[in-house]
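Input: a single structure, listed below in structure tokens.
The values are calculated or read from the model by the stated rules, or taken from the named source; none is laboratory data. Source: prediction; values computed, not measured. Note: ideal-geometry Cβ built from the backbone for every residue, glycine included; neighbour counts use all protein chains shown. Please note that ligands, DNA and RNA were not included when accessible areas were found on the heavy atoms of the full protein model with its side chains. Shrake-Rupley method; radii C 1.70, N 1.55, O 1.52, S 1.80 Å.
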Amino acid sequence: MQMTLPMRWKAKMKHIISLLMENEAGALSRVAGLFSARAYNIESLTVAPTEDATLSRMTIVTSGSDEVIEQIIKQLNKLIDVVKVLDLNDGRYIERELMLVKVKAAGALREEMKRISDIFRGRIIDVADGSYTIELTGSGSKLDAFLEALDKTVILETVRTGASGIGRGDRILKV
Amino acid sequence: MDDSNQQKVGQISGAEIIMRCLQEENVKFVFGYPGGAVLHIYDALFKQNHFKHILVRHEQAAVHAADAFSRATGEVGVALVTSGPGATNAVTGIATAYMDSIPLVVISGQVPTSAIGMDAFQEVDMVGVTRPCVKHNFLIKDVRDIAITIKKAFYIAASGRPGPVVVDIPKDITAEFAEYDYPKTIEMRSYTPVTKGHSGQIKKAVKILLEAKRPMIYTGGGLVLGDASNELVKLARTLGYPVTNTLMGLGGYPATDKQYLGMLGMHGTYEANNAMQDCDVLIAVGARFDDRVIGNPDHFLSVPRTIIHIDVDPSSISKRVKVDVPIVGHVQSVLAEMNEILAAETNKPDAAALKSWWAKIDGWRGKKSASYDGSSTSIIKPQYVIEKLCEVTKGDAFVTSDVGQHQMWAAQYYKFDKPRRWINSGGLGTMGVGLPYAMGCQLAYPDAQVACVTGEGSIQMNIQELSTCQQFHLPIKVILLNNRYLGMVRQWQEFFYENRYSESYMDSLPDFVKLAESYGHVGMNIEKPADVEGALQDAFAMKDKFVFMNFLTDKKENVFPMVPNGKGISEMILGSDTNANDAADEMEG
Ligand SMILES: Cc1cc2nc3c(=O)[nH]c(=O)nc-3n(C[C@H](O)[C@H](O)[C@H](O)COP(=O)(O)OP(=O)(O)OC[C@H]3O[C@@H](n4cnc5c(N)ncnc54)[C@H](O)[C@@H]3O)c2cc1C
Ligand SMILES: Cc1ncc(C[n+]2csc(CCOP(=O)(O)OP(=O)(O)O)c2C)c(N)n1
Ligand SMILES: [Mg+2]
């Protein structure tokens, strides 16, 4: 009954959406296609089969106004292969992402890199003459913070998995 | 892996399984066109007599005809095309059906499984190509999956918000053998469409409706698709509230009823659009607040009103306009439940408020926005042709339309009192649908009057179907409103591009009479207003003839009212307050 503001005026929020879908050829492209066809943001998307091999679990990190997020959830639910959708932001949740970073580690940098990695609870998983590969897990923002703490010139390569999310406590997404 | 290319006792071929499935689904017509990848299927088709195959002249027309068959009957339409070019030719038809939520099953042939991905002859990734314009699609990889997949295809197409489903079948699969077992019912954990609406929400909606001072009922294609006209008429009559229909909803409420305000939207009536803007309670029924309907959403939302929205598809709700009372459910069951609540209700609508609301509406009606200057005795006005068409067919024909000005005049001037009589492409706006749409209707109802209202631009986009009409003896009447322009384009150029008519004329037209005659049809040229009615009577008297009526109409006529792009729906240009026609006059020279 109150006056409504046009959607595009509203603030964009980051959301983590979890979904279960039939583990069938083409299901992933339906989700990816939906996001591009409707011009929805997509920050990351991860997918893998669950303990029940007929199902895949996907985590999508996106952003948009409340109205856009509502549409995203509805459109995802509308896909025939999608079994269940949950906006993790509707409750308490845990977000984790894995990152592997290869950094320069020659001379004085060797100690420095080890120290920064320890601060962020990273693990050095590969050691070479002039470089380390550091493994780090955490929320996306923690991984961002780690990269910011490093001097850009020491980063040789990064690879991130994109976020996976799960509800806290009794919040369970299952068929 | 398995030995399915050896026939065993009790087994039949994939192609035969497809035939059995279609038979099981009570399919009456398959619209199609053969080719390499579907040769096994066509061979099986040759040996059956449960349904009739309609050989079109272009795959696009096959899908359109199947689509119209569905629009006219409510059944699922079926088309069959070959791989590669056959499949891509079908895409426009599939997208057209998708935009208007029409249930179709389109079977496309595919190259043999072993050739997929090899850039084989006539290979195209049909599942990939159609993904954005289908409700769902399948690629069958095992002969044993054919029956279950076709069952799912029909179920998905027809249930929930209907839509087209593509089933892509590699050629080798149609030659392999399997036992045939068609499931009676189907359950899918990932697809469970809602039917009944939430009772609490429905009660709340009825309460809000009864408290309204300036109510408005706005219904669309969903009401027609959900076959809920009777429930709507009952609701509207009980309440005494005004009703408007979208282009897709025409006939959902009888056009000749006094509570009917006409179509709304870009070319809607003055009264419908103003009532839409000015109402305090709006109930939307199977309509999706399309941009051609509500105009500029900011303008629409600049006044407060309470909105109730009934739709089977939750994603239609609060998509473009925020809704106060969402009701997800099938129109028919929700409206029936509302009627039951109302029957038991002691509260009545506010009679005094309603009286002054109707007085206001009648004021708007007084503008007579849907009118035209019919004084000329030398030039045929397109609107006049439609008015006479309506009279001659007693308002009871199946009217198909192409896309353009003629479509809008048909929508405005033909009075549809019944649903499923007005067959047109609203969402995609596909020129070329008119003739194949008429084929689908005429096949569904062989004895009915079927008129195809078209433009000289549109009709040429599927003109090859004149041949199909001859082959199947379809006594369609083509009403060509020939203005020698891509009129709708020309109108926009006149209004918004200072009369720069860039490529919007139609030159080098064929002699339509001779063209029709060359296919064994009857052709007529009608050039004077005085001849319009007689010609229509003559044409419809030829009950077993296809008649192509070429009406030479006013070249410069425009469609009014018109809401220019970006304007609010109550900010209309009316025919009476513009000299746009004069400007066009001068251009003609
Ligand atoms: C040249 C041109 C001009 C046009 N001008 C206008 C105009 O002036 N006015 C106008 O109205 N349109 C106009 N259109 C058409 C417009 O583009 C849209 O196609 C049309 O307005 C959509 O109609 P609708 O809202 O009824 O929705 P539809 O597209 O018919 O959608 C139906 C809705 O009902 C729902 N539904 C389906 N089945 C059920 C069920 N069983 N129960 C409940 N809900 C169901 C669906 O989920 C969907 O939300 C024009 C088109 C063209 C090409
Ligand atoms: C396939 C396709 N191409 C282009 C358009 C754009 N378009 C919309 S209306 C129109 C003109 C139609 O001309 P005609 O069939 O003569 O009808 P008129 O408007 O003159 O009545 C065009 C080109 C379309 N809707 N469909
Ligand atoms: Mg024209």
(request) Quickly work out the B:Ala530-to-B:Tyr497 label distance, labels modelled 7 Å from Cα along the C-beta direction, and quote it in nm with one decimal. (result) 3.9 nm
(request) Please report, as a whole percent, how much of the solvent-accessible surface of segment A:7-91 comes from carbon and sulfur atoms (probe radius 1.4 Å). (result) 55 percent
(request) Set the Förster distance to 30 Å, then compute FRET efficiency between B:Glu517 and B:Glu391 from the Cβ-Cβ distance, nearest 0.05. (result) 0.65
(request) Collect residues whose amide H, placed 1.01 Å from N in the peptide plane, falls under 5 Å from the amide H of B:Ile526; neighbours closer than 5 in sequence don't count. (result) B:Asn550, B:Phe551, B:Leu552
(message) Suppose accessible area is computed on protein heavy atoms with a 1.4 Å probe; arrange B:Glu123, B:Glu456, B:Glu527 from highest to lowest.
(response) B:Glu527, B:Glu123, B:Glu456
(request) Report relative contact order for chain B in percent, whole number only (criteria: Cα-Cα under 8 Å, sequence separation at least 6). (result) 14 percent
(message) Spelling out what I want: for every residue of segment B:154-165, take phi, set θ = phi - 60°, compute 6.51 cos²θ - 1.76 cosθ + 1.60 (Karplus), and round to whole Hz; glycine and proline get x.
(response) 5, 5, 5, 4, 8, 9, x, 7, x, x, x, 10
(message) For B:Tyr505, B:Tyr413, give me the order by solvent-accessible area with a 1.4 Å probe, most accessible first, ignoring ligands, DNA and RNA.
(response) B:Tyr505, B:Tyr413
(request) Express in Å², to the nearest 10, the accessible area of B:Phe29 obtained by rolling a 1.4 Å probe over the protein heavy atoms while all chains stay in place. (result) 30 Å²
(message) For B:Gln110, what residues show an amide H to amide H distance below 5 Å, using hydrogens built from the backbone and excluding near sequence neighbours?
(response) B:Ile169, B:Lys171
(request) Using a Förster distance of 22 angstrom, determine the FRET efficiency expected from the C-beta separation of A:Arg171 and A:Arg38, and round it to 0.05. (result) 0.20
(request) Quantify, in whole percent, the carbon and sulfur part of the accessible surface of segment B:11-179 (1.4 Å probe; protein heavy atoms only). (result) 52 percent
(message) Could you tell me how many cubic angstrom of Cα convex hull volume segment B:72-113 has per residue?
(response) 74 Å³
(request) Could you provide, to the nearest whole Å², the per residue accessible area of segment B:382-559 with probe 1.4 Å? (result) 36 Å²
(request) Mind jotting down the three principal axis lengths of segment B:114-215 based on Cα atoms? Whole angstrom, largest first. (result) 66, 31, 17
(request) Taking the dipole about the Cα centre of chain B, with the C-beta of Lys and Arg at +1 and of Asp and Glu at -1, give me whichever of B:Ala352, B:Pro112, B:Trp422 is farthest to the positive side. (result) B:Ala352
(request) Kindly flag which residue pairs out of A:Lys84/B:Lys152; B:Lys368/B:Lys555; B:Lys368/B:Lys418; A:Lys14/B:Lys196 have an alpha-carbon separation exceeding 29 Å in this structure. (result) A:Lys14/B:Lys196
(request) Could you check how much of the accessible area of segment B:382-559 is carbon and sulfur, as a whole percent, using a 1.4 Å probe? (result) 49 percent
(request) Set the Förster radius R0 to 35 Å, insert the Cβ-Cβ distance between B:Asp43 and B:Ile148 as r into 1/(1 + (r/R0)^6), and round the FRET efficiency to 0.05. (result) 0.95
(message) Using the crude model of +1 on Lys and Arg Cβ and -1 on Asp and Glu Cβ, and no other charge, please compute the dipole size for segment B:186-307 relative to its Cα centre, in debye to 20.
(response) 420 debye
(request) Answer with one residue from B:Val547, B:Ile463, B:Cys452: the one whose Cα lies farthest towards the positive end of the charge dipole of segment B:393-547, charges on Cβ with Lys, Arg +1 and Asp, Glu -1. (result) B:Cys452
(message) Which positions within segment B:123-161 get 30 Å² or more of their accessible surface covered by the other protein chains, compared to the chain by itself, with a 1.4 angstrom probe?
(response) B:Arg131, B:His136
(message) Quick check: convex hull of the Cα atoms in the protein assembly as shown, volume per residue, rounded to a whole Å³?
(response) 204 Å³
(request) Compute the acute angle (0 to 90°) between the alpha-carbon long axis of helix B:434-444 and the principal axis of greatest extent of the alpha-carbon atoms of chain B; round to the nearest 10°. (result) 70 degrees
(request) Output the Kirkwood hydrodynamic radius of segment B:1-126, Cα pairs only, in Å rounded to one decimal. (result) 15.2 Å
(request) With a 1.4 Å probe on protein heavy atoms only, tell me which residues of segment B:183-217 lose at least 30 Å² of accessible surface in the complex relative to the chain by itself. (result) B:Arg189, B:Ser190
(request) Using a 1.4 angstrom probe, figure out how much accessible area segment A:7-91 has per residue, in square angstrom, rounded to the nearest whole. (result) 45 Å²
(message) Output wanted: per-residue J couplings in Hz (rounded whole) for segment B:496-503, from phi through Karplus 6.51 cos²θ - 1.76 cosθ + 1.60, θ = phi - 60°, x for Gly and Pro.
(response) 10, 10, 6, 6, 7, 7, 6, 6
(request) Treat every Asp and Glu Cβ in segment B:1-155 as -1 and every Lys and Arg Cβ as +1, leave all other atoms uncharged, and give the resulting dipole magnitude about the Cα centre to the nearest 20 debye. (result) 360 debye
(message) I'd like the mean, over residues of A:70-83, of how many other protein chain beta carbons sit within 10 Å of each residue's own Cβ.
(response) 5
(request) With only Lys, Arg, Asp and Glu charged, each at its Cβ (+1 for the first two, -1 for the last two), find how big the charge dipole of segment B:382-559 is about the Cα centre; round to the nearest 20 debye. (result) 300 debye
(request) Compute the accessible area per residue over segment A:126-175, keeping the other protein chains in place, probe 1.4 Å, unit Å². (result) 58 Å²
(request) Mind checking which aspartates and glutamates have their Cα closer than 13 Å to the Cα of A:Lys174? Skip sequence neighbours fewer than 8 apart in that chain. (result) A:Glu22, A:Glu51, A:Asp52
(request) Could you state the angle between the C-alpha long axis of helix B:331-344 and the longest principal axis of the C-alpha atoms of chain B, as a value from 0 to 90 degrees rounded to the nearest 10? (result) 50 degrees
(request) For a quick protection proxy, order the peptides B:157-167, B:287-297, B:346-356 by their average other-Cβ count within 10 Å, most packed first. (result) B:157-167, B:287-297, B:346-356
(message) Need one number: buried accessible surface between chains B and A, 1.4 Å probe, both sides summed, DNA, RNA and ligands left out, in Å² to 100.
(response) 2300 Å²
(request) Just name one of B:Ser190, B:Pro314, B:Val166: the one whose Cα is farthest towards the positive end of the charge dipole of segment B:162-318 (beta-carbon charges, Lys/Arg +1, Asp/Glu -1). (result) B:Pro314
